[in-house]
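The values are calculated or read from the model by the stated rules, or taken from the named source; none is laboratory data. Please read these numbers as outputs of a predicted model, since none were measured by experiment. Note: ideal-geometry Cβ built from the backbone for every residue, glycine included; neighbour counts use all protein chains shown.
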Amino acid sequence: MDQMGPAIVNEDWLKGTRSNLEANLTQTYFYYAQVYSQQQQADKGIEYSCKTMQRQLDTGTHNLKEFVLNCIHLSDYFNQKMMYA
């Protein structure tokens with residue numbers, strides 16, 4: 001045990017901080033996707049779009065209509081690249 005005594009951690013604060021960090025990482029992936037797409041680096045843009053969408057799906061923070069439209073756009077890309085599952 002530390003000489004300073006046990007650390008007091010507010011569990012709600014910790015959960016909120018983790019949630020904010022997770023949301024910020026998802027937003028960062030979204031920004032990367034936008035930047036790479038604007039820089040004509042479609043492969044990298046798609047990679048980060050997929051990461052963004054996976055994180056949104058995992059956390060339940062997606063808008064269903066937008067998510068479906070993004071899936072359609074991704075399927076067009078993969079179809080053009082002949083990348084079938």
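Listing for the model above:
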{"quantity": "In region 48-85, the residues that are in contact (Cβ under 8 Å) with a residue 12 or more places away in the chain and under 25 Å from Arg18 (Cβ atoms)", "calculated": "Tyr48, Ser49, Cys50, Lys51, Thr52, Met53, Arg55, Gln56, Thr59, Thr61, Phe67"}
{"quantity": "Residues (of a type in the set (Ser, Thr, Tyr) and modelled with pLDDT of 95 or more) located in region 49-85", "calculated": "Ser49, Thr52"}
{"quantity": "Exclusive hit being modelled with pLDDT of 90 or more and surrounded by fewer than 13 Cβ atoms within 10 Å (Cβ to Cβ), set Tyr31, Tyr36", "calculated": "Tyr31"}
{"quantity": "Residues satisfying the stated conditions in region 17-58, i.e. hydrophobic (A, V, I, L, M, F, W, C) and either touching a Pro at 6+ places or on another chain (Cβ under 8 Å) or within 23 Å of Asp76 (Cβ to Cβ) (or both)", "calculated": "Phe30, Ala33, Val35, Ala42, Ile46, Cys50, Met53, Leu57"}
